[in-house]
Each structure stands twice: as structure tokens, then as C-alpha cells.
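Have a look at the structure below, then the notes.
The values are calculated or read from the model by the stated rules, or taken from the named source; none is laboratory data. Keep in mind it's a predicted model, so treat the numbers as computed, not measured. Neighbour counts run over all protein chains shown; Cβ positions are idealised from the backbone, glycine included. Ligands, DNA and RNA are stripped out before the accessible areas are found, and what is left, the full protein with its side chains, is counted by its heavy atoms. Shrake-Rupley method; radii C 1.70, N 1.55, O 1.52, S 1.80 Å.
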Amino acid sequence: MEQHIDDRPVEPDYKVVIESLYNEIIDNMLRYHPSRDFSRVKSAFELASHAHNGQMRRTGEPYIIHPLNVALILTELRLDTESIIAGLLHDVIEDTCYGYSKIGEMFGPEVANIVDGVTKLDKAEKITRKPDNKDEKASKLLRAENQAQNLRKMFISMTDDIRVILVKIADRLHNMRTMAAMPKPKQKEKAQETLDIYSPLAQRLGINMIRVELENLSLKYIEPEKYEDLAKRIDLKQAERTDFMASITGDIRVNLQHHGIEAKVDGRCKHYFSVYKKMQRQNKTFEQIFDLMAVRILVHENTHCYSVLGFIHDWYKPMPGRFKDYIANPKSNGYQSLHTSIIGPDEIPVEVQIRTWDMHRVSEYGIAAHWRYKGTASGKGTADSPEDEKLEWLKRLMDMQKETSNNTEYLETVKDELNVFADKIYCLTPKGHVVNLLRGSTPIDFAYSIHSAVGNKMTGAKVNGAIVRFDYELQNSDMVEILTSQNAKGPSPDWLKLVKTGQARSKINQWFRVENKEENIAKGTELLEKSAIAKGYKLRDLLTPNHKKFVTGKFNLADWNTVLASIGRRAIKEGRVVSLILDEIEKEKAKLTPPAIQIAPEQPITNNIERAKTSVISVRGVTDLGVRFSQCCGPVPGDEIVGFITRGRGISIHRTDCTNITHMLEIERQRLIEAAWELPEQQISGVTYSASLHLYCENRQGIMNDVSYVVANMQLNMTYFSGRVVKNDAVIALTVEIVSRKQLDKITTEFRKVPGVFKIERSAI
């Protein structure tokens with residue numbers, strides 16, 4: 001949520017936009033919400049407006065427009081009042097002075113928990129370490145670690161309340177809609193993250209209307225040239241396609257009416273990302289993709305779906321192998337529909353989807369279409385039990401993250417679970433229960449999809465009544481029976497080469513982790529010792545309790561023995577552990593080493609003005625001491641200050657938040673002494689103080705002129721002024737002479753009014 005602060009009043013046009021967005025939220029809620037009392041929503045809007053007052057987005061809009069749009073997206077999903085309020089307030093805890101308790105007091109614990117959950121996800125995204133592009137392998141590993149940690153936090157928040165992730169997905173959708181205001185590297189980074197995580201999550205939750213838009217927007221920023229080319233090609237013959245679709249949908253509509261079936265029939269062109277993926281997957285050019293158009297038929301009864309299918313196949317020639325019955329075998333996210341492809345007029349292929357209105361509602365809104373909330377003692381929303389099955393995949397991932405420490409393995413499992421549109425097959429248990437598996441899965445995958453205990457005790461398998469080998473590739477509609485024995489020795493290491501799903505691989509690895517833990521701990525210790533020696537250290541000198549705790553936390557493991565066991569079974573590289581500890585030791589040393597800017601560079605008292613400055617300082621109540629003002633932080637009247645007794649040069653005065661003070665060695669802290677301004681805002685004729693600032697701004701033409709104009713307009717003397725470009729933004733450094741902190745605050749306020757300035761920091765003189 002990139003922003004900068006701007007104290008300018010909101011322009012009248014924006015007031016109209018804000019009012020219009022709020023009214024649209026209420027209008028949407030009126031269409032589906034049982035209550036007509038939206039006073040709580042209004043209160044949330046007023047709080048958000050007050051909390052974000054003066055904040056601007058990079059788009060130049062008042063920040064309140066973002067939470068309004070997030071809430072609007074949530075109303076399009078027809079979510080409950082608590083979700084809409086949370087959408088309006090989702091940035092309040094992070095970006096303003098209103099905390100969790102205040103929101104809970106005003107809107108209840110449910111809203112506070114949702115907002116807090118979204119805030120924690122935002123913080124998790126921001127604290128992840130940046131990859132080093134120079135080392136591709138290390139960067140890839142670090143990206144996997146960051147992504148795995150964010151996913152773990154995300155799934156935990158989802159089990160607390162699914163509305164947390166629904167608000168976060170709506171937040172990401174609006175950010176993607178306004179991504180053009182961000183620098184190009186950030187556009188690509190966020191688009192890839194959206195494609196890796198948020199689009200699959202929306203897909204897994206069945207929210208098709210959001211998934212499609214996220215995919216198209218991601219493609220726009222990841223492959224801008226291909227996106228533009230695709231858009232032009234699809235739009236080029238838009239008029240012809242419109243006429244074609246009007247003709248075929250009209251014919252189908254009339255024929256269905258003739259047979260007494262009431263239906264809505266409409267047509268559309270497949271969305272850009274869908275076409276792009278098909279071109280990539282099948283290695284085809286755009287001209288070789290023929291089925292760009294799809295017809296959707298909505299009816300009232302399940303039986304009508306199959307009747308309509310029969311009519312369509314009578315009227316048009318069906319394409320072989322293109323029929324899929326997702327009504328009898330729903331997708332794991334609840335999606336139901338009949339899919340077929342036909343040869344339409346002029347030999348043009350067309351995909352046809354047939355479903356009921358209820359099925360369509362679920363396909364568009366997913367879990368939001370049927371989720372209901374019940375109050376609990378903790379105030380968290382929970383699902384009614386029938387719909388609880390819709391999140392069975394989430395429970396599996398929660399179990400998996402407790403069992404899996406290897407980030408690569410965990411990410412692989414997550415992607416298997418999230419990708420509901422992967423090439424899948426449907427097998428049956430002897431009791432007729434349907435099991436969804438990836439194509440290419442084996443009986444081992446089937447066994448572990450039932451339960452870990454079934455896989456661990458597996459001794460053989462029957463498919464359609466016949467004994468098969470463990471490497472047998474299961475086919476659609478196979479009936480699979482797993483043979484087990486209490487005396488089974490457990491999985492073989494060879495099974496890891498046979499399984500297709502990340503879930504099975506993870507559970508097999510978990511068995512080996514538990515079964516061979518003692519052996520792996522001993523092996524891990526040995527490997528770690530050798531790695532430490534190779535780098536010139538003794539292991540016992542590196543492994544302090546703090547360092548063990550640090551490494552354990554880095555890999556999200558329970559204890560140090562689990563780290564050693566993971567090294568022993570080669571899930572974690574011993575060299576990486578040693579490197580992490582050595583890096584941490586260097587950081588600890590850096591904290592104990594005085595910074596490059598020394599405490600010493602005070603200004604000598606050379607004239608009456610400098611002496612006048614010292615007279616406004618008292619050290620432990622005594623004035624007119626030989627004090628000097630440190631250049632490393634440039635204190636001015638009104639700042640909180642502290643004195644430092646130098647060796648032979650009197651007392652130097654620093655701000656209490658000065659880096660040199662906060663990073664000082666403990667032994668040096670004994671030389672700190674209380675200091676204060678005798679009269680904090682006292683002004684002495686002819687006395688000025690130097691204050692240095694860094695302004696972080698948009699790199700636009702004329703911004704340096706605008707900044708210098710502020711200084712001139714306040715009739716201040718500027719002793720230093722420079723600018724540079726850092727990562728597409730401008731950084732302006734300047735030093736001005738002021739008489740007090742109040743004057744410094746005033747010029748800072750004026751700088752914030754300059755269009756494009758989004759951050760201001762005090763710096764060394």
C-alpha cells in the first residue's frame with residue numbers, strides 16, 4: 001500500500017468520486033442484504049475518512065478511494081456487513097493512529113480480527129528479505145523462503161476467519177487495477193506474486209470473476225508487449241465475432257424456447273490470459289487458436305442441463321474428446337457445469353458451458369456465494385458444517401505446514417492444492433467416494449490422499465479388481481483399493497521417485513523424519529561440524545543458545561534437534577546454516593562497533609553567537625557549560641537531547657534518537673549525561689541552527705524548483721541543496737538554517753504540500 005502524505009484539501013472532483021463510491025456500496029448492499037440499517041457501514045466510512053485524511057496514493061487520489069474500492073469489490077461478492085466494514089478499515093491499524101482495541105470497541109471483535117489479520121499479512125509481505133540478483137541460485141531459494149513464509153501466515157489467517165483472505169484478495173485486485181502508478185520493477189514483482197499466489201487462491205476459493213481479472217492484469221505487467229499484441233489481435237475482428245455470437249446464441253435461444261426450456265444464453269470471447277496460456281501450453285500461434293469463443297447457457301433445473309446438452313449435440317457437430325461433466329464430478333472448489341465443444345456455423349469451433357443459475361452463482365462468487373457466519377465465543381466467523389468441506393484443501397495445507405520444513409517441498413504441495421485447473425483425474429474408492437488426483441498419479445498418491453496411515457501401511461494395490469504395480473499410472477474412473485498390513489515396514493525411499501503429488505511426497509518425507517530422527521540428528525551434527533571446520537571455525541564456538549534460536553526461527557522449525565535432523569536427511573544444507581550464523585555474528589559485531597560517523601565532530605565555540613547557543617543548554621541543571629552541538633544529528637531547540645562527555649573536548653549535545661547514541665557501546669553509555677534546553681523554544685537574535693532533511697519524491701520535472709521555492713518563500717537560508725535518482729524516485733538533500741523545532745516542523749509541513757513528495761526524513765548535517 002504505497003502512499004505519501006499530503007496536507008492539501010481534497011479537490012471537489014474527488015469529493016464527488018468518494019460520495020459516488022460510498023453510495024454505490026450502499027446500493028449494492030441493498031440488493032442482497034436482509035437489513036436496511038447501514039449505520040455501522042456509515043460509521044466505518046467516516047472513521048476511515050478521518051483516519052486517512054491527508055493521505056494520498058501514488059495515483060494522486062486521496063487514499064480513502066482505495067478502501068472504498070476494496071469495500072465495493074466485497075459488496076460485488078455479496079459479503080456480510082462485517083466484511084464490508086473491514087474492507088473500509090483494512091489499512092487503518094497499519095497506517096493511522098487507530099489500533100485494534102479502538103476498532104474492536106467501535107465495531108466489535110469480528111471486524112477487529114479481520115482487520116488485524118489483513119494487517120499482519122501486509123506486514124509479512126513488507127519484512128521479507130530482498131533477493132540478491134547477482135546470485136541466481138541464492139535468490140531463488142530466498143524467494144521460495146519468503147513466499148513459503150507468507151503462504152504459511154496466509155493459511156493461518158484463513159483458518160481463523162476466511163474473510164481475512166477475501167478482504168486481502170479484494171485489496172490486491174484494486175491495487176492491480178491501479179498498478180500503472182507504480183515503478184515498472186514493482187509492477188512486474190507484484191504481478192508475478194499475484195499470478196503465483198492471489199490468482200490461484202481466488203481460483204481455489206472458486207471466485208472466478210476475480211480470478212479472471214487478476215490473471216489479465218498480471219499478464220499486462222509481466223508480458224506487456226505480448227498482452228498488447230494479444231489485445232489488438234482479439235479486438236481486430238471483434239465486430240465479426242459479435243455478429244457471429246449474436247447469431248449462434250439467438251439460434252440456440254429460439255430452439256430451446258421451442259422445446260419449452262427457459263434459459264439465458266450469452267456469448268463471450270475467452271479472456272486474454274486464457275488464450276495466452278493455451279498458446280504457451282500447446283506451443284501455438286494466435287492464428288492456430290480456433291476456439292476463442294464460448295457460449296454459456298443458464299437454466300433452472302439440473303435435469304435441464306443434460307437435456308440442453310442433448311439438443312446442442314443434435315443441432316451442432318460435437319468435437320471428439322471435448323466433453324466434461326463437472327456436475328456429476330464437481331471440481332474441488334465446488335465448480336459445477338457441463339463443458340462441450342462444437343463446430344458452429346462457418347466451421348468455427350465454439351465451447352459451450354451449460355449450468356444452472358445456482359451453479360453459475362458458485363462459479364462466479366465461489367465460497368463467498370454460500371458462506372455463512374456464526375458468532376463464536378472468540379468473535380471469529382466460522383462456516384456452517386456442510387460448507388466446511390469446501391475448505392478441506394485448506395485443512396490439508398495447514399496440516400502439511402506443521403509437518404514440512406523444506407520450503408521447496410511445501411511450495412510444491414501448495415501449488416498442487418491451489419491449481420484446481422491442472423490436468424486431473426478422478427478415481428473411486430471401493431465405497432464409491434471420488435478422489436481427485438493429478439494426471440500421472442500412482443496408487444501411492446491415492447493411498448496418501450486418503451490418509452497418512454493408509455500410505456504408511458500400504459503393501460499393495462488393486463485397480464478395477466486386479467493387482468497392479470506401485471508405479472501403475474491411474475486413469476480416469478479407476479476404482480482403487482489399497483492393501484494394508486499392520487506389519488508393514490513403512491514407505492520405501494524409492495516411492496519418492498514414483499509419486500506425482502506434493503502431498504504424497506511430503507507425507508513420505510514426514511515418515512522418514514520421524515522414523516529416522518535420532519540417526520538424522522547424529523548425521524546432521526557431523527555434517528554441520530565439517531562445514532564449520534571448512535570455514536575455519538569450531539562448531540561449539542558458533543552454537544550459542546541465541547544462534548540456535550535464530551536458525552530455528554529462520555527455518556520455522558520446532559527446536560534445534562529438528563534443524564539437525566533436517567540437515568541429516570539433506571532437507572537443509574549444512575553450509576547454509578553455518579553461513580546464516582556467521583552473518584548473524586557479523587551483524588552483532590556491527591552493532592557493537594561505533595558507526596563510521598564518530599562522536600567527535602562537534603563545532604568549536606568560536607564566536608559570541610556560538611556561545612549564545614550554549615547558554616540555552618543546561619546539563620543536569622547547570623547552564624553556561626562548554627557544550628558543543630554534534631553534526632551527526634543536528635539538534636535544534638525543541639528536540640529531545642542528551643549530553644556526551646568527550647575526551648578533552650567538553651560535552652557534545654545529541655538528539656536522543658541519534659544513531660550514534662542508540663548504537664553506542666555499553667561501556668561508552670556511562671559517559672552520557674542528562675541535558676535539556678533551558679527554554680525549549682527560546683530564540684536568540686542572530687542565532688540559527690542547521691537542520692538537514694532528505695525528501696523522497698516522484699522523479700518529475702520541476703520538483704527541485706518547487707522544493708527550493710518553499711525555502712525561499714519562508715525566507716530561510718539554504719546552505720546545501722542536491723538531488724539524485726534512486727530506483728526511479730528522486731531524493732533531494734538540503735540543509736537549512738532555522739531558529740527552532742517549531743520552524744523546522746513548519747517547513748516540513750510545507751514540503752509535504754509539494755506534489756510528489758511522499759516521505760521526509762531528518763539526516764546528518
Revision key, fill the gap. Of the residues in region 476-492 that are part of a loop (DSSP other than H, G, I, E, B) and in contact with a strand residue (DSSP E or B) (Cβ under 6 Å, 6 or more places away or on another chain), the one that is least open to solvent (accessible area, probe 1.4 Å) is Asp478
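When you look at Val551, is it at pLDDT 85 or above and touching a Ser or Thr at 6+ places or on another chain (Cβ under 9 Å), yes or no?
Details: at pLDDT 85 or above: yes; touching a Ser or Thr at 6+ places or on another chain (Cβ under 9 Å): no.
When the stated conditions are applied, Val551 does not pass them.
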Check your understanding: Does Glu519 count as among the acidic types (Asp, Glu), modelled with pLDDT under 80 and under 30 Å from Ala453 (Cα atoms)?
Key -> no
Review point. Taking into account only those residues within region 47-77 that are within 10 Å of Gly87 (Cα to Cα) and open to solvent by 10 Å² or more (accessible area, probe 1.4 Å), which is farthest from the chain's Cα centre (by Cα)?
Key: Leu72
Revision key, fill the gap. Of Glu668, Glu678, the only residue that is modelled with pLDDT under 80, acidic (Asp, Glu) and closer than 15 Å to Cys632 by Cβ is Glu668
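Among the residues that make up region 227-247, is at least one of them within 13 Å of Val352 (Cα to Cα) and in contact with a helix residue (DSSP H, G or I) (Cβ under 9 Å, 6 or more places away or on another chain)? Give the derivation first.
Looking only at region 227-247, we keep the residues that are within 13 Å of Val352 (Cα to Cα), and these are 245.
Cutting the leftovers down to in contact with a helix residue (DSSP H, G or I) (Cβ under 9 Å, 6 or more places away or on another chain) gives us none.
There is no residue in region 227-247 that is within 13 Å of Val352 (Cα to Cα) and in contact with a helix residue (DSSP H, G or I) (Cβ under 9 Å, 6 or more places away or on another chain).
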Exercise for review: Please name all residue pairs, on different chains or six or more residues apart, with Cβ atoms under 7 Å, provided the first residue is in region 78-93 and is in contact (Cβ under 8 Å) with a residue 12 or more places away in the chain and crowded, with 24+ Cβ neighbours inside 10 Å and the second residue is among the hydroxyl-bearing types (Ser, Thr, Tyr) and in a loop (DSSP other than H, G, I, E, B).
Suggested key: Val92/Tyr98
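Quick one: in region 704-736, which of the residues that are part of a helix (DSSP H, G or I) and of a type in the set (Val, Ile, Thr) is farthest from Tyr689 (Cα to Cα)? Steps first, answer last, please.
Within region 704-736, the subset part of a helix (DSSP H, G or I) is 704-713.
Next, only the ones that are of a type in the set (Val, Ile, Thr) stay: 707, 710-711.
Working: Val707: 20, Val710: 18, Val711: 15 Å.
Per the criteria, the residue is Val707.
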Check your understanding: Checking Ala138 against (1) at pLDDT below 80; (2) crowded, with 17+ Cβ neighbours inside 10 Å; (3) assigned to a helix (DSSP H, G or I); (4) not hydroxyl-bearing (Ser, Thr, Tyr), which test does it fail?
Key -> (2)
Review point. Within region 508-520, can one find any residue that is in contact with a Lys or Arg (Cβ under 8 Å, 6 or more places away or on another chain), outside any loop (DSSP other than H, G, I, E, B) and either free of Cβ contacts under 8 Å to residues at least 40 places away in the same chain or open to solvent by 70 Å² or more (accessible area, probe 1.4 Å) (or both)?
Key: no
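Being part of a loop (DSSP other than H, G, I, E, B), among the basic types (Lys, Arg) and surrounded by fewer than 16 Cβ atoms within 10 Å (Cβ to Cβ), is that true of even one residue in region 302-317? Steps first, please.
Of the residues in region 302-317, the ones part of a loop (DSSP other than H, G, I, E, B) are 316.
Those left that are additionally among the basic types (Lys, Arg): none.
Checking region 302-317: not a single residue is part of a loop (DSSP other than H, G, I, E, B), among the basic types (Lys, Arg) and surrounded by fewer than 16 Cβ atoms within 10 Å (Cβ to Cβ).
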Practice item. Please enumerate the residues belonging to region 230-283 that are assigned to a loop (DSSP other than H, G, I, E, B), open to solvent by less than 80 Å² (accessible area, probe 1.4 Å) and either of a type in the set (Lys, Arg) or without any contact (Cβ under 8 Å) to a residue 24 or more places away in the chain (or both). Key: Gly260, Lys270
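Name the residues in region 524-565 that are in a loop (DSSP other than H, G, I, E, B) and of a type outside the set (Lys, Arg), would you?
Quick first cut of region 524-565, residues in a loop (DSSP other than H, G, I, E, B) only: 535-538, 543-544, 555-559.
Listed by number, the residues that qualify are Gly536, Tyr537, Leu543, Thr544, Phe555, Asn556, Leu557, Ala558, Asp559.
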Point to revise | Residues satisfying the stated conditions in region 737-765, i.e. in contact with a strand residue (DSSP E or B) (Cβ under 7 Å, 6 or more places away or on another chain) and in a helix (DSSP H, G or I) | key: Leu744, Ile747, Thr748, Phe751, Arg752
Exercise for review: Residue by residue through region 528-561, note down the ones that are in contact (Cβ under 8 Å) with a residue 24 or more places away in the chain and open to solvent by less than 30 Å² (accessible area, probe 1.4 Å).
Suggested key: Leu528, Ser531, Ala532, Leu542, His547, Val551, Phe555, Leu557
Check your understanding: Restricting attention to region 284-301, and to residues there that are surrounded by fewer than 16 Cβ atoms within 10 Å (Cβ to Cβ) and touching a Ser or Thr at 6+ places or on another chain (Cβ under 9 Å), which single residue is nearest to Arg233 (Cα to Cα)?
Key -> His300
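So, restricting to strands (runs of 3 or more DSSP E) that lie completely within region 341-454, which ones have at least 1 residues that are modelled with pLDDT under 85 and closer than 28 Å to Glu481 by Cα?
Working: elements: 349-356, 424-428, 434-438.
Of the strands (runs of 3 or more DSSP E) lying wholly inside region 341-454, those with at least 1 residues that are modelled with pLDDT under 85 and closer than 28 Å to Glu481 by Cα span 424-428, 434-438.
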Review point. Looking at region 493-503, which of the residues that are free of Cβ contacts under 8 Å to residues at least 60 places away in the same chain and assigned to a loop (DSSP other than H, G, I, E, B) is least open to solvent (accessible area, probe 1.4 Å)?
Key: Val499
Point to revise | Flag if Ile210 is crowded, with 19+ Cβ neighbours inside 10 Å and farther than 25 Å from Arg177 by Cβ | key: no
Check your understanding: How many residues, within region 719-742, are farther than 18 Å from Cys632 by Cα and free of Cβ contacts under 8 Å to residues at least 40 places away in the same chain?
Key -> 8
